[in-house]
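> Quick one: this structure, given as structure tokens, is what I'll be asking you about.
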Amino acid sequence: MIALEEIRAQAIDIEPGGEASPFAVESIRRRTPVLSRYLNSQDWKLISLALRQRAQFSSEVENFRLMQQIQRRLEQAISQLRNERGVYVNEQQFVAEMKKIVEEEGLGPIDPRDIGTLKDIGSEARLRLIWRFQTEQANEYARWRMANDPDVLNAFPAQEFKRVAVRRVPRLNWPERFTAAGGRIIHGRMIDLVNSTTWENLSVFGQPWPPFDYNSGMGLVSLSRRETESLGLLQPGEKVTPRYVDFNAQLEASVRDLSERYQNALKTLFGDQIVIEDGAAKWQGNIIADLYDRVLKNPGLQQELSLGTATASTVQKAREAGVEDLTGYRMVIRTDEMRKIYKKRGIEEADPTQAVITQNDWEALPFVWRDPDSVQIRRPRNFILTKRIDGTLYVAEWIRNRENKTVMLRTFWKKKAGPLTR
Amino acid sequence: MAVEIEVDLSDAIKGVEDLRSQLANRRALNAALGKRAEVELRAHFTDREQGPSKASSRGWPKQHFWAQIAQATTLTEVNDDGATVTINDPRFAQKVYGGTIKPGAGKKYLTIPAIAQAYGRSAQIIEGLKPIIRMIAGERRAVALGKGETVISKKGNPRLKPGTETIWYWLVKSVTQEPDPQALPPMDHLKEKLQDEAKEYLARP
């Protein structure tokens, strides 16, 4: 007989500090700010979770500065980083700061009846919803990832769906929804194995971690192996297979049913950041910044990248500036131009009115292309697009090629002050 | 700043050779214990969410602080040496350890809500707030932010007419908070639960 009482779980250390969950940080950091002009909330629901998880998106918000700041502050909050004032970002500051940007950018609702409602991106209710939803998402994603660790899963193979936060008007139909999703109600409790498909069926967002609906106070409580076995969900010693590998595979396949319209919208939004093959979309990451990094490391690299076709906004502003119709024109970046930009605008930027282009700045380029503030014609084939993002004025010059309907990036810089061109 | 709770049984089992031989896979045991710690901590925080609070006793709107702490509590690391549960919310460290809070760079005062409408909201988003000035130790200083009838002072500045003000926030230069002794569950309870989990683990076929 083993002296079980010898196990003294006394070594519990409590310490301030420590790292945030890398999964929670990853969940926020991998997102790219995306403007929603091309897809509404309903459209987004049809798009695979894998892509939605990689887009920082808020319904009917088309302002890059706002989406970028939302992304930045959430990332700081989840990573436990202090902001520029040396304080941790919290919900109240987030709401105040985003509200200020909304006012500065004039992003109020068109219909005055929507002021202060969830349709108003500047309302406290909407901004709180964004904060709470996204921080909850990040933390719950992290817990889901750890719950699928084989050792953790073996020790805690099931979970109960129950109320974890009080709501003034709680939803009462959860038991029906739970059984409809394939879950089992055991002794009045909503319980299933961690690796069951019940969870993503239950979620209006199609994800197996909370929140399962907007502003829901329902969450998950892990159940030990002993309790799971006593409830008859597993046989003694029966192994449980982690699900996240399968789930990820399913994510990439789940866009197969996307119509051409959605595929086109995705391509317009993300350009080469996603690849659509046989109706399946796969995320490629921040390919421009990645390519720039490869260009710096490999002087012989020859490659070109497309960032999607001209948006309606770009076409219209270009037309107003006297640029030939850009409808259907594809934006292309070549490694040779990147190299030149690195030399002229990166390490050797001589103009004191211009700031050095860094790898991060390249992530702004798709937004300059898709949603410019202004367009200026320079020569018959050359034109400039500008966009101010978070106080920085980005300027990109392009050459139009009528034969293959492309616009090629010629140069890219960011201004501190002074006229756009030298 | 997060709070980390490390569960490490390596010292506790030293010298128990029978146990050592059974613990060929110590990561699995640590995973069970780490997850148990997460479950117990979250249960404690959820209980506090559903219990009374200072704000709710005043009839102020619930901010779901403890639900957010439960949500931020995650098993973050498991290895042969132990497991770590992280409570990833800087407000929790303040609850556990207490301490003095000062305004961030560029700010003079902290705003302490005085009424329900101000609770859980930044003063920056409330329109029409005006400083309420008082003489303190011979010095004029802002003591609160409020709303009320505005009059123009002799110097031409708008100010709240005395007697009409509603104070929304008190302005203070710092706040010192004592640790909350119930921020964490009782350690004896937590140890007992971990011990039960370890026994359960070892009793498995």
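The values are calculated or read from the model by the stated rules, or taken from the named source; none is laboratory data. What you see is a predicted model; the values in this text were computed from it and never measured. Ideal geometry is used to build each Cβ from the backbone, glycine not excepted, and the neighbour counts take in all protein chains shown.
> Of all residues in the range A:113-132, how many are part of a helix (DSSP H, G or I) and surrounded by fewer than 16 Cβ atoms within 10 Å (Cβ to Cβ)?
So the answer is 4.
> Can you work out which of the residues in the range A:148-181 that are under 12 Å from residue A:218 (Cβ atoms) and part of a helix (DSSP H, G or I) is nearest to the other protein chains (Cβ to nearest Cβ)?
My answer is A:174.
> Here's another thing I want to ask about it. Is there a residue being within 20 Å of residue B:113 (Cα to Cα) and in the same structural domain as residue B:92 (by TED's automatic domain parsing) anywhere in the range B:33-51?
No, the range B:33-51 contains no residue that is within 20 Å of residue B:113 (Cα to Cα) and in the same structural domain as residue B:92 (by TED's automatic domain parsing).
> Scan the range A:302-327 for residues that are of a type in the set (A, V, I, L, M, F, W, C) and either touching a helix residue (DSSP H, G or I) at 6+ places or on another chain (Cβ under 9 Å) or farther than 15 Å from residue A:385 by Cα (or both) and report the count.
Residues in the range A:302-327 being of a type in the set (A, V, I, L, M, F, W, C) and either touching a helix residue (DSSP H, G or I) at 6+ places or on another chain (Cβ under 9 Å) or farther than 15 Å from residue A:385 by Cα (or both): 6 in total.
> Still on this model: Considering only the range B:68-87, state which residues are under 16 Å from the mean Cα position of the chain (by Cα) and facing chain A (nearest Cβ under 7 Å).
B:70, B:71, B:72, B:74, B:86
> Which one of these is in contact (Cβ under 8 Å) with a residue 24 or more places away in the chain and either out of contact with any Phe, Trp or Tyr (no Cβ under 8 Å at 6 or more places or on another chain) or among the small types (Gly, Ala, Ser) (or both): A:145, A:163?
After applying the criteria, what remains is A:163.
To keep it simple, each residue is scored yes or no on (1) without any contact (Cβ under 8 Å) to a residue 40 or more places away in the chain; (2) loosely packed, with under 12 Cβ neighbours inside 10 Å.
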position: B:156; (1), (2): yes, yes
position: B:162; (1), (2): yes, yes
position: B:174; (1), (2): no, yes
position: B:190; (1), (2): no, no
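> Considering the range B:19-50 alone, what residues qualify as being small (Gly, Ala, Ser) and either crowded, with 19+ Cβ neighbours inside 10 Å or at the interface with chain A (Cβ under 10 Å from one of its Cβ atoms) (or both)? Before the answer, list the steps.
The first filter runs over the range B:19-50 and keeps only residues small (Gly, Ala, Ser), leaving B:21, B:24, B:28, B:31-32, B:34, B:37, B:43.
Of everything in the range B:19-50, those that are small (Gly, Ala, Ser) and either crowded, with 19+ Cβ neighbours inside 10 Å or at the interface with chain A (Cβ under 10 Å from one of its Cβ atoms) (or both) turn out to be B:21, B:28, B:31, B:32, B:34, B:37, B:43.
> Let me ask something additional. Taking the residues in the range A:227-238 that are more than 16 Å from residue A:151 (Cβ to Cβ) and without any contact (Cβ under 8 Å) to a residue 24 or more places away in the chain as candidates, determine which candidate is nearest to the other protein chains (Cβ to nearest Cβ).
Within the range A:227-238, the match that is nearest to the other protein chains (Cβ to nearest Cβ) is A:236.
> While we're on this one: Starting from residues that are aliphatic (A, V, I, L, M) and out of contact with any helix residue (DSSP H, G or I) (no Cβ under 7 Å at 6 or more places or on another chain), keep the ones in the range A:81-106 and report whichever is surrounded by the fewest Cβ atoms within 10 Å (Cβ to Cβ).
Keep residues of the range A:81-106 that are aliphatic (A, V, I, L, M), which gives A:81, A:87, A:89, A:95-96, A:98, A:101-102.
When the remaining residues are screened for being out of contact with any helix residue (DSSP H, G or I) (no Cβ under 7 Å at 6 or more places or on another chain), the result is A:81, A:87.
On the way: A:81: 14, A:87: 16.
Among those residues, the one meeting the criterion is A:81.
> It is to be established whether one or more residues within the range B:4-19 are modelled with pLDDT of 75 or more, closer than 12 Å to residue B:85 by Cβ and among the β-branched types (Val, Ile, Thr).
no
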